[in-house]
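Notes follow the structure.
Laboratory data are not the source of any read-out in this text; all were calculated from the coordinates shown. A quick note: this is a predicted structure, and the numbers were derived from the prediction, not measured. Please note: Cβ atoms are built from the backbone with ideal geometry, for glycine as well, and neighbour counts cover all protein chains shown.
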Amino acid sequence: MDDATLQFYSGNAEAYAARTFTSRQARLMAFLAQLPPGASILELGCGAGGDTAEMLARGFDVRPTDGSPEMAAIASKHLGRTVETLLFHDLDEVAAYDAVWANACLLHVPRNQLADVLRLIWRALKPAGYFFASYKAGDGDGRDTLNRYYNYPSPDWLRATYAEAGNWNSLSIESGEVKGFDDKMASMLFVVARKGD
């Protein structure tokens with residue numbers, strides 16, 4: 001993870017946690033509808049824990065994690081359970097989860113490291129496991145006005161990078177618009193992949 005980006009979330013954890021995200025609710029519900037009841041889900045970059053709370057309320061077995069210790073502490077308080085600090089590169093499990101939910105967090109992984117992180121996620125999924133991630137669309141990495149690093153991928157670049165990371169039974173990419181922490185609208189890519197058997 002980029003140091004300046006991690007420092008941003010550590011320093012703005014309370015303000016970031018106070019935001020509400022209604023736009024992603026439909027995507028989360030559609031993702032969960034594909035999973036068996038009680039499925040085990042790893043959440044990466046859980047932020048304040050809003051998505052984890054939704055998944056827990058629907059009976060899923062969720063392991064929430066965040067790369068920022070400050071954000072993990074806020075999520076722990078919000079959820080009434082321990083939220084671990086986990087950097088993407090430290091994910092070391094094998095065939096442990098039915099699904100991985102990574103909303104608006106892998107978009108901060110340096111481009112030359114994303115395939116490695118995706119490979120770790122692929123490995124952590126059970127066969128035919130589902131994986132959701134979202135990215136800010138673009139054609140090359142850079143920083144936003146808040147000095148956060150983004151990998152800004154194109155759909156073609158994402159497809160190639162996912163293919164490099166592992167074998168997927170299916171991979172779909174949808175686009176949409178989301179209002180960011182900087183109050184600017186951003187073009188997003190929403191990726192749902194299913195691990196190969």
**Request:** State the answer as a single residue: which of Gly67, Leu171, Gln7 lies farthest towards the positive end of the charge dipole of the chain, with beta carbon charges of +1 for Lys and Arg and -1 for Asp and Glu, about the Cα centre.
**Result:** Leu171
**Request:** State the antiparallel share, in %, of DSSP beta bridges confined to the chain, rounding to the nearest 5.
**Result:** 60
**Asked** Normalised by the number of residues in the stretch 80-184, what is the relative contact order in percent for Cα pairs under 8 Å and 6+ residues apart?
**Response** 27
**Request:** Under a cut-off of 19 Å between alpha-carbon atoms, report the lysines in cross-link reach of Lys184, not counting same-chain residues fewer than 8 places apart.
**Result:** Lys136
**Request:** Convert 10 °C to kelvin, take the viscosity as 1.306 mPa s, use the Kirkwood radius over C-alpha pairs of the stretch 66-134 as Rh, and evaluate the Stokes-Einstein diffusion coefficient in µm²/s, rounded to a whole number.
**Result:** 123
**Asked** Once both labels are modelled 7 Å past Cα along the beta-carbon direction, what's the Arg81-Thr161 spacing in nm?
**Response** 3.0
**Request:** Do me a favour and compute the ellipsoid semi-axes for the chain from its Cα gyration tensor, root of five times each eigenvalue, largest one first, whole Å.
**Result:** 22, 21, 16
**Message:** Sequence gap at least 6, Cα distance under 8 Å: using those rules, report the relative contact order of the chain to the nearest whole percent.
**Reply:** 19
**Request:** With unit charges on the beta carbon (Lys/Arg positive, Asp/Glu negative), name the residue among Gln113, Thr161, Leu146 whose Cα is farthest towards the positive pole of the charge dipole of the stretch 50-197.
**Result:** Thr161
**Complete:** Contour minus Cα-Cα span, Ala115 to Ala96, at 0.36 nm per residue, comes to 4.9 nm
**Prompt:** Got a sec to turn the phi values of the stretch 185-197 into Karplus ³J(HN,Hα) couplings, 6.51 cos²θ - 1.76 cosθ + 1.60 with θ = phi - 60°, whole Hz, x for Gly and Pro?
**Reply:** 6, 10, 7, 10, 10, 10, 10, 10, 10, 10, 5, x, 6
**Message:** So, R0 is 22 Å and r is the distance between the beta-carbons of Phe181 and Arg58; what FRET efficiency does that work out to, to 0.05?
**Reply:** 0.25
**Message:** I need the phi-derived Karplus couplings for the stretch 62-74: 6.51 cos²θ - 1.76 cosθ + 1.60, θ = phi - 60°, integer Hz, Gly and Pro marked x.
**Reply:** 10, 10, x, 9, 8, x, 9, x, 5, 5, 4, 5, 5
**Item:** For Cys105, residues with placed amide H under 5 Å, excluding near neighbours
**Value:** Ser134
